[in-house]
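Report on one structure; see the data block that follows.
Bear in mind that the values in this text are calculations on the coordinates, not laboratory data. Since the structure is predicted, the reported quantities are computational estimates derived from the model, not experimental observations. Here the Cβ is made from the backbone with ideal geometry for all residues, glycine too, and neighbour counts use every protein chain on show.
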Amino acid sequence: MGRQIRRSKEKTMKPNFFVFCEGETEVAYVNFLRSQYRVPIQVISKKSDSNISLRYINNCKKEYITTDNDKTFLMFDLDVSGTLERLQSIHNAILLVSNPCIELWFLLHCLDHHAELTSKACIKKFQTISPHYTKGTLSQQEKQILAANTNNAVVRAKLLTAHDNPSTTIYELIDALNNI
C-alpha cells in the first residue's frame, strides 16, 4: 500500500480593513475594535483631513500585503464644513462619518438621541454616562459599555438620517466586521 500525499488546505487571507481617521479618539476606538474582533484592521491616523485623497490612501496601502477583498473606510467627524464633500470625492471608500462627532456613536450605545447638537454638547452628554471620559482615550469602563451595547448603537444609528445632525454611519464598520 503506497503512502498518500498530504495536501495542505488552501489558506485564504482575511481581508484587511484599512481605516483612515482624523484623531486620537477614532484611533483608540478602532484599536478597541481590533482587539474585540481579532481581524486585520489597519488604522491610519491623519491629523488634518484636508489632504486626504485617493493617492494618499494608495500610498499608505503599499506598506501592507493586500487582497482583492480589502475594504477602505474613512472615519471622520462632520463638525467642519466641507468635510463630507471632500470625503465623498474619494471613490471605493466606505464613509464612517459622525455628525457632529464620534462621541455621538458612543452615546447611541446607551440612549436614543434625535435632536441636533454640537460636538461640545455631545461630549458633555456622554460624560453623564461616563463622567471621566476624555477625548483621545477609552477607559476600561468605557470599553465595557461599548462592547456590551454595540447592537443597540447599530439599531439606533440606522434610524438616523445619514449625514444629518445627529447621525453616524460607524455601524457600517461593525456590520462588515460581523460578516467576516
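For this structure, a couple of remarks:
- Considering only His113, Pro100, Asn16, and ranking their Cα positions along the charge dipole of the chain that arises from unit charges at the beta-carbon of Lys, Arg, Asp and Glu, the one farthest toward the positive end is Asn16.
- The stretch between Asn58 and Lys14 holds 13.9 nm of extra length on full extension. This uses 0.36 nm per residue minus the Cα-Cα distance.
- Length added when fully stretched, Asn92-Ala147, from 0.36 nm per residue minus Cα-Cα: 16.9 nm
- Look at the alpha carbon pairs under 8 Å that are at least 6 residues apart: their mean separation over the length of the stretch 17-178 gives a relative contact order of 25 percent.
- Electrostatic dipole magnitude of the chain [Cβ: Lys, Arg +1; Asp, Glu -1; Cα centre; debye, to 20]: 1060
- Amide proton proximity set for Phe73, modelled H, under 5 Å, gap of 5+: Phe18, Val19, Phe20, Ile94
- Dipole of the chain [Lys/Arg +1, Asp/Glu -1 at C-beta], most positive-end residue of Gln140, Thr150, Ile65: Ile65
- Mean-square fluctuations from a GNM of the chain, with a 10 angstrom spring cutoff on Cα atoms, peak among Glu63, Glu116, Glu24 at Glu63.
- Long pairs among Lys61/Lys143; Lys62/Lys135; Lys46/Lys135, criterion Cα-Cα beyond 25 Å: Lys61/Lys143; Lys62/Lys135
- Result for the chain in a Gaussian network model with C-alpha springs under 10 Å: among Ser45, Ser53, Ser81, the largest mean-square fluctuation is at Ser81.
- Proxy reagent accessibility, fewest Cβ within 10 Å first, across Phe32, Phe18: Phe32, Phe18
- For the chain, built as a Gaussian network whose Cα springs stay under 10 Å, the top-fluctuating residue of Thr83, Thr67, Thr25: Thr67
- With the simple spin-label model, which puts each label point 7 Å out from Cα in the Cβ direction, the Thr128 to Asp175 separation comes to 2.9 nm.
- C-alpha center-to-center spacing [the stretch 102-180, the stretch 25-93] in angstrom: 18
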